[in-house]
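This is the structure I have questions about; it appears just below.
The values are calculated or read from the model by the stated rules, or taken from the named source; none is laboratory data. Quantities reported herein were computed from a predicted structural model and do not represent experimental measurements. For neighbour counting, all protein chains shown are included, and Cβ atoms are generated from backbone atoms with ideal geometry for every residue, glycine included.
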Amino acid sequence: MTATRAAGAPITVLISTGGTIAAHTTDDGAVPALGSAELLTATGTTDTGPAIRTVDLMSVDSSAMTVADQFAVAHAIADALADPAVRGVVVTHGTDTMEETAFLADLFAADERPVVFTGAMLPADAPGADGPANLAAALAAVDDPAARGRGVLVAMGGRLLPARGLFKVSTTDLAAFDTVPGAELGDSSPVPRRVLTGPVPAGRAARVDAFTLYPGVSPGLIAASVAQNAAGLVLAATGSGNTHPDITAEVALAVQHGLAVVVTSRVPYGEVTATYGGGGGAVDLRRAGAIVSPWLRAPQARMALIALLTAGHDHRSISDFFLAQHF
């Protein structure tokens, strides 16, 4: 950890975790190589600018992150905000799972001070690397009054988006993310947020499995999760939360075994509503004990369920949480 601070000046904490923004190209592919101080230097930020404290938390590709790593990021943010001199936090993170870690942090973001995630689509040594501009935008957002009280935000490709509802939409475009409702910072209809009370849970996180449903999917996948002692299950179903009747039967059994089952859609945009029956529709899944997630898609629904179960929430409060996630 390093610190740059003028006397009495508020601090921005920059937490680095690796990812493409910190990567150099090698014969074995792009791998994280830079720390937070080096990332900061690439933006042109100097000691005469805002006071910035740098924290090198980890150096991994975000696709290799564990749930424990993601909780470590959330804890690092909470630790940073415990200092009243801190004006906000910026986290550099790989884009593969940024939507998950940023949302996990958002679940506990009761503090009004801005928390901004950013990353890059091009390695740091690539021509036209986008990381420095993205990091500069994230640092600037910390000082933007409009960013206060908006929960965790993501600065990428010239856009500043709320973490809640975020998902990656391109493997190549520098503006790699969008949101389910398309709500950018400053929109007239901001994303309502329900924050989990209490500190970020410590200790081992609850295990939640996630499956994408499709014609011919084996119901045995759900049975296997039950047999392997999963605490919860997220299903990315077709359309507005629909699947085959055999899946509904396995969901009912999973709920009887104590699993929390959340159903969302593999369709990227639009509200998921329980409309269809026929044995495998969302109406049937809900009757079998599943919780329908109206807006959060599978990656973020899974993070929410992990956080809720780890914090000890029961089925009723889990259901209430998902039903409250309206935009």
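Restricting to the stretch 14-33, name every residue that is at pLDDT 95 or above and outside any strand (DSSP E or B).
Across the stretch 14-33, the qualifying residues are G19, T20, I21, A22.
Given the structure, is Y276 more than 18 Å from the chain's Cα centre (by Cα), more than 25 Å from P201 (Cα to Cα) and among the hydroxyl-bearing types (S, T, Y)?
Numbers: more than 18 Å from the chain's Cα centre (by Cα): yes; more than 25 Å from P201 (Cα to Cα): yes; among the hydroxyl-bearing types (S, T, Y): yes.
Here the answer is yes, as Y276 does meet what is asked.
P294 passes all but one of (1) in a helix (DSSP H, G or I); (2) touching a Leu at 6+ places or on another chain (Cβ under 9 Å); (3) surrounded by 18 or more Cβ atoms within 10 Å (Cβ to Cβ); (4) not β-branched (V, I, T); which number fails?
Single failed check for P294: (1).
Oh, and also: Would a scan of the stretch 150-158 turn up a residue that is more than 22 Å from S36 (Cβ to Cβ), in the same structural domain as A51 (by TED's automatic domain parsing) and modelled with pLDDT of 95 or more?
If we filter the stretch 150-158 for residues that are more than 22 Å from S36 (Cβ to Cβ), which is where we start, we get 150-151, 158.
Now narrow it down to the ones that are in the same structural domain as A51 (by TED's automatic domain parsing): 150-151, 158.
Checking which are modelled with pLDDT of 95 or more leaves us with 158.
Yes, there is a match, as at least one residue in the stretch 150-158 is more than 22 Å from S36 (Cβ to Cβ), in the same structural domain as A51 (by TED's automatic domain parsing) and modelled with pLDDT of 95 or more.
Go through the stretch 126-149 and count every residue that is modelled with pLDDT under 95 and either in contact with a His (Cβ under 8 Å, 6 or more places away or on another chain) or assigned to a helix (DSSP H, G or I) (or both).
Within the stretch 126-149, residues that are modelled with pLDDT under 95 and either in contact with a His (Cβ under 8 Å, 6 or more places away or on another chain) or assigned to a helix (DSSP H, G or I) (or both) number 3.
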